[in-house]
Amino acid sequence: MKTAALYARVSTADQTVDNQLYDLRQLAAQRGLEIVEVYTDHGVSGARARRLGLDKLMADARRGRFQVVLVWASDRLARSVTHFLAVLDELNHLNIEFISFREQLDTGGPLGRAVVVIISVVAELERSLIIERVKAGLRRAKSEGRRLGRPPLELDREAIRRDRERGRSLSEIAEAHRVSRGTVSRVLRAACTKTLVQTRLQVVENALAESAD
């Protein structure tokens, strides 16, 4: 006997999920499915991708708690086509069947499996289009001379170095300059490295000058 999870959602707090769950329990009994968990969301719009009930269902799906997900209608799961495709695509990759009572959609049957293949292709295409749009935006921003990423920190590196030479702690310097201790450490290491390189260059220059004499 396959294990199943039921999911029901209503958009307003004064509505009830009882009618949806009644039909889903009847459907589970007809198909010989063992209901192991019921997930609900009350007063939550289907346009919201993040919901307590749905989030818990997907988390348990990843843990392998059930083999089938039953919903009363596809729009109970999601009103956004993109979100619906993403959920169905993930369930398919987890080898979990999806059944919708109203649309009579069953991804466990031959027609349902064909629908899953189409959905997977559409979901992959959507991901590719999103990636390409992001890349195109980055290319356009770069061509327009716009800086990408976070702006560089405006630091008075000499003041940080002087503060350290006066014996101030890293925490004190960080607080005074409104940066992290890690940033202060990097600035001081860079200053040390620069001083060391300059010292060695001076030694080399002096040696060359002596040789020339």
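The values are calculated or read from the model by the stated rules, or taken from the named source; none is laboratory data. As the structure is a prediction and not an experimental result, all values here were calculated from the model. Cβ sites come from the backbone with ideal geometry, for glycine too, and all protein chains shown count toward neighbours.
Being at pLDDT below 80 and either touching a Leu at 6+ places or on another chain (Cβ under 6 Å) or assigned to a helix (DSSP H, G or I) (or both) is true for just one of GLU172, GLU158, GLU154, GLU205. Which residue is that?
Numbers: GLU172 fails: at pLDDT below 80; GLU158 fails: at pLDDT below 80; GLU154 fails: either touching a Leu at 6+ places or on another chain (Cβ under 6 Å) or assigned to a helix (DSSP H, G or I) (or both).
None of the other options fit; the residue is GLU205.
Considering each residue of segment 135-145 in turn, at least one proves to be surrounded by 10 or more Cβ atoms within 10 Å (Cβ to Cβ), modelled with pLDDT of 80 or more and closer than 30 Å to LEU88 by Cα.
Taking the criterion of being farther than 17 Å from MET1 by Cα and of a type in the set (Lys, Arg), the only residue of segment 12-48 that qualifies is ARG48. Restricting attention to segment 85-105, which residues are modelled with pLDDT under 85, acidic (Asp, Glu) and closer than 17 Å to ALA28 by Cβ? Hit for segment 85-105 is GLU103, nothing else. With respect to the conditions (1) among the hydrophobic types (A, V, I, L, M, F, W, C); (2) part of a loop (DSSP other than H, G, I, E, B); (3) closer than 22 Å to GLU90 by Cβ, LEU6 lacks only one, and its number is (2).
Kindly evaluate ILE119 against the criterion of being modelled with pLDDT of 80 or more, of a type in the set (A, V, I, L, M, F, W, C) and either assigned to a helix (DSSP H, G or I) or out of contact with any Leu (no Cβ under 9 Å at 6 or more places or on another chain) (or both). Criteria not met by ILE119. Taking first residues from segment 86-108 that are more than 16 Å from ARG63 (Cα to Cα) and partners that are modelled with pLDDT of 90 or more and of a type in the set (Val, Ile, Thr), the Cβ contacts under 6 Å between residues at least 6 apart in sequence or on separate chains come to PHE98/VAL69; SER100/VAL71; ASP106/ILE99. Look at SER74 and say whether it is farther than 16 Å from SER100 by Cα, within 31 Å of the chain's Cα centre (by Cα) and in contact (Cβ under 8 Å) with a residue 24 or more places away in the chain. The answer is no for SER74. Any residue at all in segment 72-84 that's assigned to a helix (DSSP H, G or I), among the charged types (D, E, K, R) and modelled with pLDDT of 80 or more? Yes, segment 72-84 has at least one match.
For segment 19-42, what are the residues that are among the aromatic types (Phe, Trp, Tyr) and touching a Phe, Trp or Tyr at 6+ places or on another chain (Cβ under 7 Å)? Walk me through how you get there before you give the answer.
Applying the first criterion (among the aromatic types (Phe, Trp, Tyr)) to segment 19-42 yields 22, 39.
Listed by number, the list holds a single entry, TYR39.
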